[in-house]
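Down below is the structure, laid out as C-alpha cells.
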Amino acid sequence: MIKKGIGRQIVLHYFIVVFVTLFMIEGIFTLAIRMYYYDAIYNHMSNHSIWASDYFEKFVRLNAERDPDYFTQMLRTFELDNTELMILDRKGEVKASTNPFQADKAIQTSDVPQAVAGSVGKWVGRQPATGEPVMAVSRPLQFQGETQYIVRYVTSMEQVNSKLLNLTLLSIGVASAVLALVTLFSIGLANSIVKPINNIRDVSAQMARGRFDARIKGSYKYELGELASTLNYMAEEIVRSNQIKDDFISSISHELRTPLTGIKGWSETLTSGGFDPEETKIGVGIIAKETDRLIGLVEEILDFSKLQQNEMKLVIGEVNLKELLQETMLNVWAKAEQKQIQLKLEDKTEGQVIIHGDGNRLKQVFLNVVDNAIKFSHEQSWIHLVISRKEDGKALVEVIDTGIGISEEYLDKVRDRFFQVNHQGGGTGLGLAISQQLVELHQGEMEIHSELGVGTKVSVTLPLLDLAEGDHNFINESKPE
C-alpha cells in the first residue's frame, strides 16, 4: 500500500488515465471484432439469398405452382453448411426447410415483415424454443414485382460468440498486463520523485532547527536539482551571514571598547585631580574625540537600521555637486595630510552641476568613499575626485586612488552589510552598504572597479536637476508606514 501523498497521487493518476484509455480501446476492439464477424456471416447468407432469389425469378417462376418438388430442389441447391434454409410464405409459415424439426407456428421475427415489404431482413436474437443465439437473413422471392415467398437463412451464433468471448478475455488479459506494467512504472516514477523530495524535506527540517551545516546530497535532475542547489546555497548564505554577523559583533565590540576605554581612563584620571591645565586640556580633548567617534559608530548603525526598515527620511533640495565635493575634501584634508596623500578635484564640466537630493546624505556617501580611499592608500600617494556629465544627462563622480586595491574574490562582496576585507582596519563594515542604499534612494548608481595592488575607482552616477524639473518627486523618500 502506497502511503498517502504525492507518490500515491502520481500512481493513481497514471492508473486512471491508462485504465480509461484501455477501457475505451477494449470497448472499441470488442465492438469492431463483433461487427466484423457478424457482418461477414450476414454478407455470406445475404449473397446466397440473392442467388436463390435470382434462380426463383429466372428459371422456375413459371413452374412453381406445377412442380411439387420445386422447394426441395431449391433447398438442395442453395443450402449452406451449419445453416438452416427455409422457404416461407407471406404469413411466415414454413413451406420447406432443411431442418425436419419445425414448429407449427408461423415465424414472427422482425426479418420476415421486412422481407414481405420487399427489402432484405436481418434479425439477431435467440430461438424461442431452444434459447440458442442465432442470426436470420430473409429475402423476398418475387414474381412480376410482387413477393410470393421468402427465402430465409438461419445460423447459430454460439460458436462465433464463444470465439468473440475468448478474444475479449484475451484482450482483457493483455490490457491487465499493460495496466500492471504501467502501475509498476508509475510507482517507480513516483519513487524517483518522492525520495528526493523526502530527502530535501528532511534536510530542510534540519536547517529549520538551526543545523545549517546539513547539505542535500545526491545528483538530482531538472527542477529537483535546482531546488536542492537553492537550499544548499541558502544554507551556505545563512552560514556566511551568521559569520559576518559574528564578525560584526566582534568588530563593533572592539570599536566601542577602544573609545570607551579612553573615555573611562581619562575620566577617572581627571576626577582624581592634581593635573595642570595643559594635561587637563589634552584629556578633555581625547574624551571629546572618542565621544565623537562613539557617536559616529552609533549613527552609522542607526542609519543602517533605518534603511533596512525603510524609515530613512531625505531632506530634499537643490545640491551643488562641486561645492559638496569641495566640502568633502576639506573634511578629510587633515586625515590625508597625516599620510601625505594629495587630494585633487578635477572638473570636466562647464558651469554648475546641480542635482535634486539631500545634501547631508550625499555628503555622507562621498565622505565614506573618500575616507575609505585614504584608509587603504599608501603614504605619499594621490586621490583624484573627477566630476563630469554623461551623455544621458546625468552627473558622474569618480573617486580614484592608487591604494592596495581589492581582489576579484572580494569585489562583489564589499558592498554587503557587515563585510570587511581587512578586519584590522576598524569600522563596522556598513559604510559602503549604507552609501549604496543612499545613492539608490537618489535614483543613482554606484559602481566599484578595483585591481589588487593597483588601486580602486568608485563611480557614483546621479540624475541632474534639469532632467527632473516639473517632477520633484522623482526621489523615493522612505517614510514609516
On the basis of being without any contact (Cβ under 8 Å) to a residue 12 or more places away in the chain, among the β-branched types (Val, Ile, Thr), assigned to a helix (DSSP H, G or I) and open to solvent by 20 Å² or more (accessible area, probe 1.4 Å), does VAL174 make the cut? yes
Of all residues being open to solvent by 10 Å² or more (accessible area, probe 1.4 Å) and either of a type in the set (Val, Ile, Thr) or in a strand (DSSP E or B) (or both) in region 371-386, which is nearest to GLN342 (Cα to Cα)? Just the residue, please. TRP382
For region 45-58, which residues satisfy the criterion of being surrounded by 15 or more Cβ atoms within 10 Å (Cβ to Cβ) and either of a type in the set (Lys, Arg) or farther than 20 Å from TYR149 by Cα (or both)? none
Could you list, ordered by first residue, the pairs with Cβ atoms under 9 Å in which the first is in region 198-227 and more than 18 Å from GLY7 (Cβ to Cβ) and open to solvent by 60 Å² or more (accessible area, probe 1.4 Å) and the second is outside any helix (DSSP H, G or I) and not hydrophobic (A, V, I, L, M, F, W, C), at least 6 apart or interchain? GLU226/TYR220
Please count how many residues of region 147-171 are open to solvent by less than 50 Å² (accessible area, probe 1.4 Å) and within 30 Å of HIS13 (Cβ to Cβ). 2
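Among the candidates SER162, SER186, single out the residue that is modelled with pLDDT of 85 or more, part of a helix (DSSP H, G or I), of a type in the set (S, T, N, Q) and closer than 26 Å to VAL17 by Cα. Steps first, answer last, please.
Numbers: SER162 fails: closer than 26 Å to VAL17 by Cα.
After applying the criteria, what remains is SER186.
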Flagged in region 14-44 as surrounded by 15 or more Cβ atoms within 10 Å (Cβ to Cβ) and among the polar types (S, T, N, Q), in numbering order, are THR30
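The values are calculated or read from the model by the stated rules, or taken from the named source; none is laboratory data. What you see is a predicted model, and the numbers here were worked out from it, not measured in a lab. For neighbour counting, all protein chains shown are included, and Cβ atoms are generated from backbone atoms with ideal geometry for every residue, glycine included. Side chains included, ligands, DNA and RNA excluded: accessible areas come from the protein's heavy atoms. Shrake-Rupley method; radii C 1.70, N 1.55, O 1.52, S 1.80 Å.
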